[in-house]
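Notes for the one structure printed next.
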Amino acid sequence: MTPRARSALLTGIALAPAVLFTLYLRQSRSVVVGSDGGSIALQGWDILHGNLLLRGWAMSDVSFYPTELPQYAVLEWLRGLSPEVVHLGGAMTYTIVLLLAAVLARGMARGRQAAVRILIAAGIMLAPAAGPGTSTLLLTPDHLGSAVPVLLAWLAIERAPARWPHQWLSLAAVGVLLAWGVLADPLVEITGVVPVVLACAVRSAPARQRGYELSVALAAIAAIPAAALISALIRAAGGFALRPVGTRSAALAALPHNLFLTGQGLAMLFGASFGRGQAVNLLFSSLHLAGLALFAAALAVTLRRLFRPPDLVAAGLAVAVVLNVLLYARGNYVKDLLSSREITGVLPFGAVLAGRVMAGPVLTTRAGGRIVLAPLLGAVLAGYAAVLVVYAAQPPAPAENQDLARWLAGHHLTSGLAASYWLANSVTVDSGGRAQVRQVSIGPRTFSRPHGGWGYARQWYQPAAHRADFVVTSAAPGTAAWHTLVNSARNTFGAPVRTYSYRQYTVLIWGGNLLRRLG
């Protein structure tokens, strides 16, 4: 390779992350930001303003505390509070995961083998599906970012120094990275810790490596109590509280439906989204079947060799994929296509697996004396790049309640309540904090402060420091839900002084601080 060609190649490699991030950001903007994204944005905003432990926050069973939340805080420091932060965070996370998957897929290979490994892994992830695929992979944190510490841990395992005195650094890195992941997302116990332990246990390694692999397994196991200790210290210091992780299994009668939705979800994650109502061209989805087929073949080959794997990383990632999918299909989380957020880690793990296992067959399979798979996959990769450009060219979608946020801010209604999680945090972020709407619980006859649920901070409801003078609902006027809300609002706060109807929203306004009357 000439110096000029080498320089051009290095420049292209350096620019690739920026180009990918820009395209993913544009694609992310094609889907709406809702209250899930709003909750993460508000938590990042609170961290930015000094509440480092998120004191008073009630959160779901996943915190994303040491992973995406610092990322959101930095983005909000640069850009302020807005739905755009959710798009920026989603595009950034996906770009990082893709790059890490490409690096791990390369492994210790060199030359053409390394290049094909990288291209297979990056190609499989290159063009996320439109619609639900974009919402799942390029928007709100939905477990995809939890793949970052897992991928980094496998890199530390594979690239450990050969001599023991220096290997302790790699062991410490494995423990720290997995503890970081478990603290952010308990799912990492299944996708990170257990696969590392099992892969080290079943692999028939040379005697000189068994001691190191045993130490790796112990470091991975230590990550769980380490994360639990840090979480307990955060709670003891008054920090955020998490809901218990749901571990119920679905009824056996629901298993066929769960398996069907799991298959649909896996296809969507790999870009082959043929579901009804998807804004995805049939050709684009058909193209992604090539990546799905490479993943399936790599998984089958690795599982067949599981007890004599030549590749520890491939064995561990195959175990992670199987465990994640089986527990998801058998669990109670399978509701619809968007529930596939619980198995998003399968995409980067599967991409790495395909790159490491299938690069050899791609380079050696011949027909008529010619290599046939490499040119074919090159054409498919070019098709993926075209798909990404088309998806990135879609028009941006407004945030879920952007119109209401503007209306409230325009009418100087800056602090209010909503009996809906899906309305409250979304409006607050959509308005950039100019119209702060807080969720409340609604009973048969009255409003009260939230009990249970997630996505709120208890200090929001202290009347000495905060106020609220309106209630808003998106329930259609005249419906049972609308009547229940209006009657409960009147029973709790008295008759409103003014009522507005704006599009599908109803806004009830009072003169005093409603927080003083909340139960």
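Annotations for the structure displayed:
- Ranked packing of 211-221, 186-196, 50-60, 432-442, most packed first, by mean Cβ within 10 Å: 186-196, 432-442, 211-221, 50-60
- Sum of -39500 (n - 2.57) over DSSP H runs of 4+, divided by residues of the chain (222 nm, nearest 500): -19000 deg cm²/dmol
- Local electrostatic count, LEU294, Cβ distance below 14 Å [Lys/Arg +1, Asp/Glu -1]: +2
- Under the simplified labelling scheme, the VAL245-LEU289 pair shows an inter-label distance of 3.7 nm, with each label point 7 Å from Cα along Cα→Cβ.
- Projected label distance in nm at ARG516 and SER60, using a 7 Å step from Cα toward the beta-carbon: 3.7 nm
- Nearest-0.05 FRET efficiency for GLU158 and ARG503, computed from C-beta distance (R0 45 Å): 0.25
- With contacts taken as Cα pairs under 8 Å and at least 6 residues apart, the chain reaches a relative contact order of 20 percent.
- With both labels modelled 7 Å from their Cα along Cα-to-Cβ, the ARG449 to LEU252 distance reads 4.7 nm.
- FRET efficiency estimate (nearest 0.05) - Cβ-Cβ, VAL389 to HIS166, R0 41 angstrom: 0.35
- Gyration tensor verdict on the range 402-517 (Cα atoms; rounded if a/c is under 1.5, prolate if a/b is larger than b/c, oblate otherwise): rounded
Only the coordinates and a few stated rules stand behind these numbers; no lab work does. From a predicted model like this one, the values you see are computed outputs, not experimental measurements. Using ideal geometry, Cβ is built from the backbone for each residue, glycine included, and neighbour counts are taken over all protein chains shown.
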